[in-house]
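Asker: Can you read through this structure? Questions will come right after.
The values are calculated or read from the model by the stated rules, or taken from the named source; none is laboratory data. Bear in mind the structure is a predicted one, so any value in this text is a computation, not a measurement. Glycine gets a Cβ as well: all are built from the backbone with ideal geometry, and neighbour counts include every protein chain shown. Just the protein is used for accessible areas: all its heavy atoms, side chains included, with ligands, DNA and RNA removed. Shrake-Rupley method; radii C 1.70, N 1.55, O 1.52, S 1.80 Å.
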Amino acid sequence: MRILAIETSCDETAVAVLEAEGTPDTASFKVRGNALYSQAGKHAAFGGVYPDLAKREHAANLVPLLHAALTESRLRVDEPTNLSSDKQQHLRELLVREEALVNALIPYLRNHGKPSVDAIAVTQGPGLEPALWVGVNFARALANVWDLPIIPVNHLEGHIIASAVASHADQPSRFTVDQMQFPLLGLVLSGGHTEFIYAPSWGDYSVVGTTRDDSIGEAFDKVARLLGIPYPGGPGISALAHTYRTARKAKVSAPLAKRPRFLPRPMEHSPDLDFSFSGLKTAVLYHVRELGELSDEDKGKIAEEFEEAVTDVVLAKTKRALETYPAATFVIGGGVSANSYLRARISGFFAHHALDTSLRLPAIGLSTDNAVMIGMAGYFMHLRGANTLSAHEPLRADGTLSMHTPRETDEAQP
Ligand code: KG4
Ligand code: ZN
């Protein structure tokens, strides 16, 4: 099955084409085309994602990215195509709030024929609603003109599946789920979410831990701002911490290398699986205020200690989560799972404790938002017969879409 996938939940605009085959146990994917534009640089001036700008950028970039993904996958059909005035009117109604998008899409569709794909997968939520709507309406427009089914995808399931699949060094565009054992415990660490998700099987999800305030990615971004590092702050903090850590270790002989801890590890020892990062951010704020003017040394020291504190908490919660939910497979996904220090600590923990749980981490390009993971999740949804819509059925973007699988017993609860 060939899937065209679209992702617009935050500040990455992405379109991918995947070839998918196999059962949930044997699924394999070949990425035929993967076009992504990160708007992060444009949001940097605002210190975070500015929803109206995200929406405008998605609208401006989707058609060029569609073109790029279809070109890369060799599925672009250069053929003048008749688009009746009724069809054009329908597209204008569907994309009434995305005028720039429809103005680019109509000429595109008149110059290109239907590509050989079987379905369109699109992120329905969670995320920034104005941003999600652009992708959803774009998917509906394409589905309408090309008469294709739409698979609405939960972005968080995308992150989980992107972490669960294994990449192949000799074939970097190929991913397989080989020998994935259930139950699965997933930890999504992103700009919007910090959630433990327990799954006895694909499609059966319970959120068993979450953040009580800021997400882990937000904490990285806010602390970065305090250190004068532009948005998105995660990669910047990570780089600064790495440089500082390396220089510090080179200077001090091993027994003296113990650093003072000066930031809290919020909820590290709480008996639940929840997180809280706002106190940690505030502690950095007070520390920065106390220091006044920050030297490069100060910034490096704070970056390292912050990264250390966050990782301590993630590791402590991971241990607790695995005690509470013994899982055969543990996966970490989302933008913060690109953090190399966190990856190394988690991998070290699994390597040193002979656990009955195997660890899977996403390929670096699949940690942060992308459309490949949406296509993969779309395929799993297709396999379980869930939710495929015709182009004529309504589809709403849902900024707060939950990962929790609805159960009959849910309704009985007060
Ligand atoms: O999953 P993602 O791309 O978008 C959401 O779904 O939210 O995650 C974005 C978040 C941002 O907060 C960014 O600062 C963080 O992931 N991030 C990192 C790193 N790369 C991205 N945080 C720490 N270390 C990194 N290397
Ligand atoms: Zn994400």
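Asker: Let me confirm something: among Ala354, Ala377, Ala386, which residue is farther than 25 Å from Ala316 by Cβ and open to solvent by 20 Å² or more (accessible area, probe 1.4 Å)?
Answerer: Working: Ala354 fails: farther than 25 Å from Ala316 by Cβ; Ala377 fails: open to solvent by 20 Å² or more (accessible area, probe 1.4 Å).
Within the list Ala354, Ala377, Ala386, the selection yields Ala386.
Asker: What residue, of Ser270, Ser215, is closer than 30 Å to Met180 by Cβ and among the small types (Gly, Ala, Ser)?
Answerer: Ser215
Asker: Quick test for you: out of Phe182, Phe275, Phe262, Phe220, pick the one residue that is of a type outside the set (A, V, I, L, M) and within 16 Å of ligand 2 (Cβ to nearest atom).
Answerer: Going through Phe182, Phe275, Phe262, Phe220 in turn, the sole match is Phe220.
One line per residue, one yes/no per condition, for (1) over 19 Å from Ala139 (Cβ atoms); (2) outside any helix (DSSP H, G or I); (3) open to solvent by 50 Å² or more (accessible area, probe 1.4 Å):
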{"site": "Leu36", "(1), (2), (3)": "no, yes, yes"}
{"site": "Ala44", "(1), (2), (3)": "yes, no, no"}
{"site": "Leu70", "(1), (2), (3)": "no, no, no"}
{"site": "Arg74", "(1), (2), (3)": "yes, yes, yes"}
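Asker: Next question, about the same structure. Collect the residues in region 1-22 that are surrounded by fewer than 17 Cβ atoms within 10 Å (Cβ to Cβ) and touching a helix residue (DSSP H, G or I) at 6+ places or on another chain (Cβ under 7 Å), keeping them in residue-number order.
Answerer: Met1
Asker: Quick check: anything in region 271-282 under 30 Å from Ala162 (Cβ atoms) and open to solvent by 40 Å² or more (accessible area, probe 1.4 Å)?
Answerer: If we filter region 271-282 for residues that are under 30 Å from Ala162 (Cβ atoms), which is where we start, we get 272-278, 280-281.
From what's left, open to solvent by 40 Å² or more (accessible area, probe 1.4 Å): 272, 281.
Yes, region 271-282 has at least one match.
Asker: I'd like the full set of residues that are part of a helix (DSSP H, G or I), under 13 Å from Asp52 (Cα atoms) and either open to solvent by 10 Å² or more (accessible area, probe 1.4 Å) or modelled with pLDDT under 95 (or both), limited to region 124-149.
Answerer: Glu129, Pro130, Trp133
Asker: While we're looking at this one, here's another question. Under 7 Å between Cβ atoms, at least 6 apart or on separate chains: pull out the pairs that start in region 286-312 with a residue that is open to solvent by 10 Å² or more (accessible area, probe 1.4 Å) and end on any residue that is assigned to a helix (DSSP H, G or I) and aliphatic (A, V, I, L, M).
Answerer: From residues that are open to solvent by 10 Å² or more (accessible area, probe 1.4 Å), the pairs are His287/Ile302; Val288/Leu226; Leu294/Val288; Asp298/Leu291; Lys299/Leu240.
Asker: Here is a further query. Counting only residues that are within 16 Å of ligand 1 (Cβ to nearest atom), give me the helices (runs of 4 or more DSSP H) lying completely in region 325-414 with at least 2 of them.
Answerer: 340-352, 372-383
Asker: Pairs needed: first member in region 66-84, β-branched (Val, Ile, Thr); second member anywhere, open to solvent by less than 50 Å² (accessible area, probe 1.4 Å) and in a loop (DSSP other than H, G, I, E, B); C-beta distance under 7 Å; at least 6 residues apart or different chains.
Answerer: Going by the 7 Å Cβ cut-off, the qualifying pairs are Val77/Gly113; Val77/Pro115; Thr81/Gly113.
Asker: Can you tell me which condition Lys281 does not meet? The list is (1) modelled with pLDDT of 95 or more; (2) within 16 Å of ligand 1 (Cβ to nearest atom); (3) not in a helix (DSSP H, G or I), and all the others hold.
Answerer: Unmet condition: (3).
Asker: In region 211-259, which residues are among the small types (Gly, Ala, Ser) and modelled with pLDDT of 90 or more?
Answerer: Within region 211-259, Ser215, Gly217, Ala219, Ala224, Gly228, Gly233, Gly234, Gly236, Ser238, Ala239, Ala241, Ala247 qualify.
Asker: Of the residues Gly217, Gly192, Gly203, only one is away from ligand 1 (no atom under 15 Å from the Cβ) and either surrounded by 17 or more Cβ atoms within 10 Å (Cβ to Cβ) or under 19 Å from the mean Cα position of the chain (by Cα) (or both); which?
Answerer: Result: Gly203 is the single residue among Gly217, Gly192, Gly203 that is away from ligand 1 (no atom under 15 Å from the Cβ) and either surrounded by 17 or more Cβ atoms within 10 Å (Cβ to Cβ) or under 19 Å from the mean Cα position of the chain (by Cα) (or both).
Asker: Could you list, in sequence order, all residues of region 226-238 that are within 18 Å of Arg289 (Cβ to Cβ) and buried (at least 18 other Cβ atoms within 10 Å of the Cβ)? It would help to see each step written out before you state the result.
Answerer: Applying the first criterion (within 18 Å of Arg289 (Cβ to Cβ)) to region 226-238 yields 226-229.
Residues satisfying the conditions are Leu226, Leu227, Ile229.
Asker: Just to check your reading of the model, which residue among Ala247, Ala241, Ala321 is away from ligand 1 (no atom under 15 Å from the Cβ), buried (at least 16 other Cβ atoms within 10 Å of the Cβ) and part of a helix (DSSP H, G or I)?
Answerer: None of the others qualify; the one that does is Ala321.
Asker: Going through Pro172, Pro200 one at a time, which residue ends up being in a strand (DSSP E or B), at pLDDT below 95, away from ligand 2 (no atom under 16 Å from the Cβ) and at negative phi? Let's see the steps before the verdict.
Answerer: Details: Pro200 fails: at pLDDT below 95.
Answer to the check: Pro172.
Asker: Looking at region 102-117 only, could you name the residues that are open to solvent by less than 10 Å² (accessible area, probe 1.4 Å), in a helix (DSSP H, G or I) and either aromatic (Phe, Trp, Tyr) or under 25 Å from Val31 (Cβ atoms) (or both)?
Answerer: Hits for region 102-117 are Leu105, Leu109.
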